[in-house]
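Engineer: I have a structure here, written as structure tokens, and I will follow up with some questions on it.
Just so it is clear, none of the values below were taken in a lab; they were calculated from the coordinates. Quantities reported herein were computed from a predicted structural model and do not represent experimental measurements. We place every Cβ from the backbone using ideal geometry, glycine too, and count neighbours over all the protein chains shown.
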Amino acid sequence: MSRFVDYLNQTAARLPDKLAFSDGETSFTFWELRQAAGAIGEALHQAGAAGEAVALCMGRSPRFVAAFLGVLAAGSCAVPLDMQAPRDRLKAMGERVSPRFALCEEGTQALTQSLFPSSCILSYETAAAGAFFGPLGKRTSGDGLAYIVFTSGSTGVPKAVAVRESSLMDYAAALPEAVGFCEGSVFGCQAPLYMDAWLKELIGAVVKGGSVYLLPPELFVQPLTLVQRLNAWGINTLCWVSSALSLVSRFRTFDTAVPEGLELVCFGGEPLSPRQLNRWMAACPKARFFQLYGPTECTGMSFYYAVPGPVPEGASIPLGRPFAGTTAYVLDEQGRPAREGEIYIGGPCVMAGYYGDEELTRRVLQVDPVNTASGRTFYATGDLARYDEEGNLLFLGRRDRQIKHLGHRVELDELERAALQLKGVEACASTYDHDRGRLCLQYVGAASVQEVKLGLQQRLPGYMVPSRLVQVPTLPRLPNGKIDRNKLREE
Amino acid sequence: MTFEQLLGILSDLHPEVDFEREQHLIDERILTSFDVVAIAAELMEGYGVELTAADILPENFNSARALFALIERLEQGA
């Protein structure tokens, strides 16, 4: 099998009437998903979009899934966008990739037209209604880009991570085997569809024939209703960001309701506190728990660790080992294998590069630093780790100023650059309060706290806007004039 | 705890919002699920308010007044 949509051809033939994706309002069986994806693929192909980037300007629904698969079927590259993001940021993302095509739906048409005035814009409703006689993907071959997703960039511009279809295929082969997705899996998908986290559910459905419910974000404001919904939908598999799991367990939700049918829980994106994990394990004794770890640059997740039982308070949960097909090294500053150092990840999972930024790509990608003859490409993650006595890899922190907040990567430099663009902000410094999960920004200048907050909300996605803003007369500085970040944290 | 203390917690999180007036904090997505967690954590850890999952509902977080009424109910019940 060489194309991701080949999996959908197989699954739709095998399980045509089985539920593939639902959001509670719209539901697609595998056959319906294949037909919609096929029709969109045809429309894109006829428009000349093969090999081109297609901006996906759609909301969270099974239609988005059909559109994503339709783009792959056409041999195009999907560029999913968060249509709720601030306009300026959407514009910056659009300019970075300059997609010649865009796919929108009724509710997003006006915004899409204003973002991409010179692109060829197709409407989902029209494209998906077209005729399609399978199979998917018959039109194209070769290993082009499958998708581009954006992550926070320290230069102030979001980085466009471009991933080949062969990397997606590698992930699709390795992930289900590692954690045990199967036809009986019923997923409750928490992840947004404009990042790569939801590829887990996509793979579970398309490759294995599992069913996916896209959970509405509003459910995460009501933990009890959320658990009741999981039970009502018969959800047995969760792949959630750690903070979403904590959000349910910390309010003693399980005293009142427990997710009854859970068989598998995968968590990642940021460390999970042992206390919250142990509450989940006690509430769902039949479920298996996996920690997943991996940077977006290496296609979804790269490492997995089966948690054997309750974790002692204060202990850190190991990152585990890489998926089949993935190689990882821990290297010291001289680039030699070491017990403690930076994690390097190599294999077919490694991205093609940062789209439109060769310089930055060269800085993070390199040929196999240990076995140069292997010909594999490695990604320098910037994550620091060490091996414990049992040979498990433990996460230690970052080399740079990137932090994980609510499962999202945030470059504190990007946040500061955005703040410095505001009128009345002369200097600023940001910190992250790990204990409370809070982004903080101290600034010097005449702007009021309200003005700074509003300004940042217009420039940054919600998760990057600091929850604490403090106007200060001066920032603590080191003798060389640089900001004294240790002192900042103490304050 | 007083209503002013609650306003302090809320304004700390969203200084741009007029919490005395706003009635649809959740419905209009002014507060996200993670804001709700941050507020609840502050109430529990900083003020000893015994919130449980049954209290974490949109209607209790849609306005500062509704949230304060919930806190008063919980404090009287305790």
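Engineer: What's the longest uninterrupted piece of chain A once you rule out the trypsin sites (Lys or Arg not before Pro) that are loop residues per DSSP with at most 12 other Cβ within 10 Å?
Structural biologist: Counting at most 12 other Cβ atoms within 10 Å as exposed, the longest clean stretch of chain A is A:1-285.
Engineer: So which of A:LYS200/A:LYS453; A:LYS91/A:LYS208; A:LYS159/A:LYS200; A:LYS200/A:LYS404; A:LYS453/A:LYS487 end up more than 26 Å apart by C-alpha?
Structural biologist: A:LYS200/A:LYS453; A:LYS91/A:LYS208
Engineer: Could you give the spread of the C-alpha atoms of segment A:223-275 along their three principal axes, from largest to smallest, in whole angstroms?
Structural biologist: 29, 21, 14
Engineer: Taking the Cα centroid of segment A:281-325 and of segment A:209-240, what is the distance between the two, rounded to the nearest whole Å?
Structural biologist: Spelled out, the Cα-based centre of one part sits 20 Å from the other.
Engineer: Here's another thing I want to ask about it. Counting DSSP beta bridges in chain A, what percent are antiparallel, to the nearest 5?
Structural biologist: 60 percent
Engineer: Only helices at least 18 Å long along their axis, Cα-based, and averaging 0.0 or more on Kyte-Doolittle count here, so list those DSSP H runs from chain B. Display every interim value, and only then the final one.
Structural biologist: Working: long enough: B:33-47 (20 Å, 0.92); B:64-77 (20 Å, 0.30).
Span-like helices here: B:33-47, B:64-77.
Engineer: Still on this model: Find the relative contact order for chain A and round it to a whole percent, using C-alpha pairs within less than 8 Å whose residues are 6+ positions apart.
Structural biologist: Normalised by residue count, the contact order of chain A is 12 percent.
Engineer: If we count every other residue with Cβ under 10 angstrom of A:ARG250's Cβ, Lys/Arg +1 and Asp/Glu -1, where does the sum land?
Structural biologist: Neighbourhood net charge equals +3.
Engineer: Of the options A:THR256, A:PHE220, A:GLY481, report the single residue whose Cα projects farthest towards the positive end of the charge dipole of chain A (beta-carbon charges: Lys, Arg +1; Asp, Glu -1).
Structural biologist: Of the candidates, A:GLY481 comes out farthest on the positive side.
Engineer: Please report the equivalent ellipsoid semi-axes of the protein assembly as shown, computed as sqrt(5 x eigenvalue) of the Cα gyration tensor, largest first, in whole Å.
Structural biologist: Working through the eigenvalues yields semi-axes of 36, 29, 27 Å.
Engineer: In a shell of Cβ-Cβ distance under 15 Å around A:LEU360, excluding A:LEU360 itself, what net charge do Lys and Arg (+1) and Asp and Glu (-1) give?
Structural biologist: -3
Engineer: Give the percent of DSSP beta bridges with both residues in segment A:406-490 that are antiparallel, rounded to the nearest 5.
Structural biologist: In segment A:406-490, DSSP labels about 65 percent of beta bridges as antiparallel.
Engineer: Whole-Hz ³J(HN,Hα) for each residue in segment A:399-411, computed from phi via Karplus 6.51 cos²θ - 1.76 cosθ + 1.60 with θ = phi - 60°, x for glycine and proline: what do you get?
Structural biologist: 6, 10, 9, 8, 10, 10, 10, 6, x, 9, 7, 10, 8
Engineer: A further question follows. To the nearest Å, what is the center-to-center distance of segment A:254-275 and segment B:39-78, using C-alpha atoms only?
Structural biologist: The distance from the Cα centre of segment A:254-275 to that of segment B:39-78 comes to 24 Å.
Engineer: Quick one: grab Rg to one decimal and Dmax as a whole number for chain B, Cα atoms only, in Å.
Structural biologist: Cα only, chain B: 11.3, 33 Å (Rg, Dmax).
Engineer: Another one. All other residues with a Cβ under 15 Å from the Cβ of A:GLU389 taken together, and with Lys, Arg as +1 and Asp, Glu as -1, what is their net charge?
Structural biologist: Combined, the nearby Lys, Arg, Asp and Glu give -1.
Engineer: Further, regarding this structure: Give the residue list of GluC sites (Glu not before Pro) in segment A:232-340 that are DSSP loop and have at most 13 other beta-carbon atoms within 10 angstrom.
Structural biologist: The qualifying sites are A:GLU313, A:GLU333.
Engineer: Under 8 Å for C-alpha pairs, at least 6 residues apart: give me the relative contact order for segment A:107-248, rounded to a whole percent.
Structural biologist: Relative contact order of segment A:107-248: 18 percent.
Engineer: I've got another one for you. Quick one: check the C-alpha center-to-center distance for segment A:465-483 versus segment A:101-141, whole angstrom.
Structural biologist: Here the answer is 47 Å between Cα centres.
Engineer: Are there any helices in chain A, counted as whole DSSP H runs, that stretch 18 Å or more along their axis by Cα and score at least -0.5 on average by Kyte-Doolittle, and if so which?
Structural biologist: A:30-46, A:165-179
Engineer: Sticking with this one: Extent of segment A:4-163 along each principal axis, from alpha carbon coordinates, in Å, largest to smallest?
Structural biologist: For segment A:4-163, the Cα extents along the three principal axes come out at 48, 36, 27 Å.
Engineer: Kindly state, to the nearest 0.05, the FRET efficiency for A:GLN334 paired with A:THR474, given R0 = 51 Å and r defined as their beta-carbon distance. Could you put the intermediate results ahead of the total?
Structural biologist: Values: r = 39 Å, r/R0 = 0.77.
With R0 = 51 Å, the Cβ-Cβ based efficiency is 0.85.
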